[in-house]
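Beneath this line is the structure, given in structure tokens, with notes to follow.
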Amino acid sequence: MVLLMKREIMLTLPGTRLQTNLRKACAAFLLALLAACTTNMEDGGEAISRDIWPSPPDLPRFAYEFTLRSAADIIQEREDVKLQKELLGTSPPVTPAMSKPDDVVARHGRIYVTDSAMRKITVWDIPGRKVYYMGVKSPGELVKPAGLALDKNMNVYVCDVTERKVNVYDSLGLFLRSIGSKLDLDRPTGVAVSPEGDRIYVIDRSYNESLNHRVVVYDGEGNKLFVIGERGKGNGEFNVPVRGAVGPDGTLYVLDAGNFRVQAFDRDGKFLRAWGQPGNNLGDLARPRAIAADNDGNIYITDGTFANVQLFNPQGQLLLTLASYGDSDGPAILKMPMGVAVDETGRIYVVDQFYNKVEVIRRLTQQEGEDILRRAKK
């Protein structure tokens, strides 16, 4: 366990210098989690910690890291806050920072979450130890924010379902421009962006009676280029598309929820492949909610029926499931999962609307997984 602590595996986000006390507290949390796993094995029971995936005897690849609900979740270990608490008996604010969280994107220690009830984006700035909001002032005021995307310059793209457009902000929340209009879009719920920001794919879910279930594609300046698909079940057609993601090779993945599948396209809208089917078995899509892609091209999908995250390779083969359903809240427990994102470190961010939280799951190194497995076998 000392090895894991020395590696400072918790909250060591690239480009940041997080305070020693916070790192120690987070590392201690994971050590306790791993100790619980080892204790279960030593007792001869079959129960393995629900916070590590996959469970031994398979090599663990992911572990629960922390949960975001209020500003206290990222500032409570600051030295000045600890001193204030000790001297004055005050604590960091624990008021929920979200009301009805929907989608999430994350990079470089900033986590952006749309909130359709609060009509804004909640930003968790981990390096800066603060929470702030975007989309609250004109121009750029949001009415019903939904899907999110980031480009490599940390520009934030957010669908406004009511206003039928996509607003673009810089990383701090300064409104830059809007893309699309009520002439182009019926009911946009998702957006995906190429890393360079020169291809913007707006997922237009439209209405149940409409044939305009499609993806509307724009260039970086907001000029409409072309439309992918219409209502239907064939290749390149959609039935209630809800979200999209762009892989590292530029492939566009569209979550075609009403057809219980994922469809892949090249950057010019050419159909490449599809996978998925309705059902209650592993790898099926029962009530898919959101989609994300990591730097290896793997695809993550949240499912409202399974209350988990399913991890697929780019060809649609199921690799792993993360998190699980629960009637009582707890680490990596979901009841109404919505958005999912993966950052440059491989961390996974999962929104749960019922428990009003964002769960963070960290990718383990090979050495960390082997260390957990060795201790579990003792």
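The values are calculated or read from the model by the stated rules, or taken from the named source; none is laboratory data. Note that this is a predicted model, so its numbers are computed, not measured. A quick note on method: Cβ atoms are made from the backbone with ideal geometry, for glycine too, and the neighbour counts reach across all protein chains shown. Accessible surface is based on the protein model in full, side chains and every heavy atom, while ligands, DNA and RNA are left aside. Shrake-Rupley method; radii C 1.70, N 1.55, O 1.52, S 1.80 Å.
Here is how the numbers come out for the structure above:
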read-out	value
Protein-only accessible surface order, largest first, of Tyr133, Tyr112 at 1.4 Å	Tyr133, Tyr112
Karplus-derived HN-Hα couplings along region 225-239 (A = 6.51, B = -1.76, C = 1.60, θ = phi - 60°), whole Hz, x at Gly and Pro	9, 6, 10, 9, x, 7, 5, x, 10, x, 4, x, 10, 9, 9
Amide H within-cut-off set for Tyr355, under 5 Å, with H built and near neighbours excluded	Lys335, Met336
Förster radius 30 Å - calculated FRET efficiency between Leu87 and Ala117 (Cβ-Cβ, nearest 0.05)	0.25
Whether region 100-201 is rounded, prolate or oblate, judged on the alpha carbon gyration tensor where a/c under 1.5 counts as rounded	oblate
Linear extension gain, Val136 paired with Lys100, 0.36 nm per residue minus alpha-carbon span	11.4 nm
Using a Förster distance of 35 Å, the FRET efficiency for Tyr207-Lys335 (Cβ separation, nearest 0.05)	0.80
Accessible area per residue in Å² at 1.4 Å probe, computed on region 294-345	34 Å²
Dipole magnitude of region 230-340 about its Cα centre (Cβ charges: Lys, Arg +1; Asp, Glu -1), debye to nearest 20	260 debye
Pairwise FRET efficiency - Arg374 versus Glu196, Cβ, R0 = 35 Å, nearest 0.05	0.20
Karplus-derived 3J(HN,Hα), 6.51/-1.76/1.60, for each residue of region 325-338, Hz, glycine and proline x	6, x, 7, 10, 5, x, x, 6, 9, 10, 9, 9, x, 10
Candidates per GluC sites (Glu not before Pro) in region 197-267, loop by DSSP, up to 12 other Cβ within 10 Å	Glu209, Glu221
Inter-label distance, nm, simple model (7 Å from Cα along the C-beta direction), Leu183/Lys270	3.1 nm
Region 255-378: C-alpha gyration tensor shape, a/c 1.5 cut-off, then a/b vs b/c	oblate
Percentage relative contact order, region 83-191, counting C-alpha pairs under 8 Å, at least six apart	17 percent
Subset of Lys120/Lys224; Lys120/Lys233; Lys182/Lys335; Lys152/Lys233 violating a 31 Å alpha-carbon distance limit	Lys120/Lys233; Lys182/Lys335; Lys152/Lys233
